[in-house]
Structures are given as C-alpha cells and as structure tokens.
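The values are calculated or read from the model by the stated rules, or taken from the named source; none is laboratory data. Treat the numbers as computed from the prediction; the structure is a model and nothing was measured. Ideal geometry is used to build each Cβ from the backbone, glycine not excepted, and the neighbour counts take in all protein chains shown. What goes into the accessible areas is simple: the full protein's heavy atoms, side chains included, and nothing from ligands, DNA or RNA. Shrake-Rupley method; radii C 1.70, N 1.55, O 1.52, S 1.80 Å.
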Amino acid sequence: MAFFSLLARVGSFSMAARELNVTPPAVSKRLAQMEGRLGVLLMNRTTRRVGLTPEGETYLLHARRILAEIDYLEELLSSSAAAPKGLLRVNATLGFGRTHIAPLISSFLALHPQLQVQLQLSVDPPPLTDDAFDVCVRFGEPPDARILARHLAPNRRLLCAAPAYLASHGIPRVPHDLMRHDCIGIRQGGEAYGTWRLSLGRQTHAVKVRDNLSTNDGEIAVNWALDGRGIVMRAEWDIARYLRSGRLRQVLENYSTPSADIHAVYPQRHQVSARVRTFVDFLAAHFEKSAIRAEGLAPDW
C-alpha cells in the first residue's frame, strides 16, 4: 500500500524508482505483481507517466486511510519516547520557506539529530488528500476543518511602492485611485486574481487593478516594486526591511486587507506525532521570541 501510494503521488516509474532506490523495471514488475494478485488493472501506463484507473483510485483511497491509521497507532504507542525520530516532511511557500523556514529547520535538526527532514517549497498548498507532507507553513486562514492549525505569528498584507514611483505617479488616497496606477500582480493560491480588497470599518472595497506586470513569485514582485514599476500588495514579513530603510513606502495605511497570518497546519492524525508536535512547538517558540524582540513592530529578518 505504501508503494502504491508513493507511485500514485510521483506519477512515474523513474521517479518512484529514485525514491525507493531501485530500478524502474523493478517498480514496473512490483506494480504488475500487485495487479496480478488483485486481478484488476490499477494504473494506465504511458511512455512518461502513469495514471490511476477507477479501480486504482478506489485502492488508493482505502490504502491511504489504512496507512494513516497504522501511522496513528504507531505514534500513539511511541508518543512517550524521549526524542522524536523518523522522517518529517515539511512544505512551505517559496519566498518565506527559503528565507525563514529553511534556516529554522537547520537549527531544529541540530537539536534533534535522530530526525530526517525533507523540505519542499511550492506556490500552492498541497491538497488535503495528498500524503506527501506532515506539516505545512502557510499564510491566511486555514482552509479546512479537517486539519489542525497552530497560529505562529500575526502578519498583514500591505500596499507599498518605491518613493520614485509615487513621486512621478502620485499617492493614492482612496482605494478607487488604484485603478489609475500601475499595480504589480501576484498569481498565487486560490484568491481572485487582479482584485484587491481593502476595508475601512464595515465598508469593503473590491478594486480591479491594472497590472502591467504579474508573476507567481512574490520576491520578483517586490523587486519590481523596488525598481519603481508600480504598487504591490505583499505580506509585512517580506517587505518590513524595505519599509524601515525607506526603499518602499506604504500607501493607503488606514485600510486593511485580507489576513495573512502565519499558521502551521497538519492533519489531525499527526496530533500525537512526537516529531510533528516538537517541530510545531519549535516554530511557535521562535516566532513568539521574534515578536517579543520586535516589541510590536515588524520583525527584523
């Protein structure tokens, strides 16, 4: 079941062979043996990819549930162990994961040498049905009640631009002014692209902005703003140092945007996992110390 779940996740014999440290023909033979024993075809083969048949989808659904229950049982029995051990799989967003989470994982592993940690960075969070990750570090409200979420740090989305851009194009005073400005779009997650929502009291303005530049990478968008190419909406953790140095200037300060608070999310079955619990506690303690040092200001990363 673990073999089939892995093969379904990576989608190719060669990638599965690399993960299992075997040859692609060995993977193909093992799948054929499974299908021969069950008497059904579980996967359709092409020259590059494999895809699930209806019978394969049914097998995968139940296999992942059974594997999760086995994992839960083992964690429940070993939760009293003094030191966490085993494989910890972490997912985070591209820029924040590279700049903040990766260094923390290095420090965490130094404290817990019996652990192995895999970090993968992605624009969008993995689907809840995917068994590829144990902990995901994400922005905004948790998307589903079936997962547990630990609030790590408050975080605001801010509108800002380079002083040179504002000097030549003027400073927006109300949300509607954004429609005549160059705005830098970021295509990430499931949010409505190209529409910025700003609130003041009980009133919310949905502004369809003009984006001469757009990208799915937040760091690139910030660099364009630094070059004076327009106004960008970005999380405070990513732009705080530029606001303090004066390279970027916040606009429409009185208006609030959708929350971008930082959470560690993980499946409910991992709530007794020593490695997950220890890692999430480590993250929470670090962000709490950062907030205390900042004394209510944006942390200096």
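Which helices pass in the chain if a helix is a full DSSP H run, must span at least 18 angstrom along its long axis by Cα, and must have mean Kyte-Doolittle hydropathy not below 1.6? Could you put the intermediate results ahead of the total?
Numbers: long enough: 24-38 (21 Å, -0.47); 54-78 (36 Å, -0.16); 274-294 (30 Å, 0.24).
None clear 18 Å together with a mean of 1.6.
Arrange the peptides 278-285, 50-57 so that the one whose residues have, on average, the most other Cβ atoms within 10 Å appears first. Display every interim value, and only then the final one.
Numbers: 278-285: 18.1, 50-57: 15.6.
Most protected by this proxy first, the peptides run 278-285, 50-57.
ARG48 to ALA102: extension gain in nm, 0.36 nm per residue of separation minus the Cα-Cα distance? Could the numbers behind the result be given before it?
Values: separation 54, 0.36 × 54 = 19.44 nm, distance 3.19 nm.
Full extension of this stretch gives 16.2 nm more.
For the chain, what is the charge dipole size about the Cα centre, in debye to the nearest 20, if Lys and Arg each add +1 at the Cβ and Asp and Glu each add -1 at the Cβ?
Rounded to the nearest 20 debye, it is 400 debye.
Taking the DSSP beta bridges in the chain as the whole, what percent of them are antiparallel, to the nearest 5? Numbers along the way, then the final one.
Numbers: 26 of 42 bridges.
Given both bridge residues lie in the chain, the antiparallel proportion sits at roughly 60 percent.
Quick one: what Rg and Dmax do you get for the chain from the alpha carbons, in Å?
Expressed in Å, the Cα Rg and Dmax of the chain come to 23.0, 72.
Give the dimensionless ratio obtained when the Cα radius of gyration of the range 140-279 is divided by 2.2 N^0.38 Å.
Numbers: Rg = 17.1 Å, N = 140, 2.2 N^0.38 = 14.4 Å.
The range 140-279 yields a ratio of 1.19.
What does the accessible area per residue of the chain come to in Å², with a 1.4 Å probe and no ligands, DNA or RNA counted?
54 Å²
Run the helix sum for the chain: -39,500 (n - 2.57) per DSSP H stretch of 4+ residues, divided by residue count, reported at 222 nm to the nearest 500 deg cm²/dmol. Show your work: numbers first, answer last.
Working: 9 runs with 114 residues, N = 301.
Result for the chain: -12000 deg cm²/dmol, rounded to the nearest 500.
Please state the relative contact order of the range 1-60 as a whole percent: Cα pairs under 8 Å, 6+ residues apart?
Values: 55 pairs, mean separation 19.6, N = 60.
Averaging sequence separation for qualifying contacts and normalising by length gives 33 percent for the range 1-60.
Fully extended, how many nm does the chain gain between ASN223 and HIS169 (0.36 nm per residue separation, minus their Cα-Cα distance)?
So the chain would gain 17.6 nm between ASN223 and HIS169.
Distance in nm between label sites at ARG247 and LYS85, each 7 Å beyond Cα in the beta-carbon direction?
According to this spin-label approximation, the distance is 4.6 nm.
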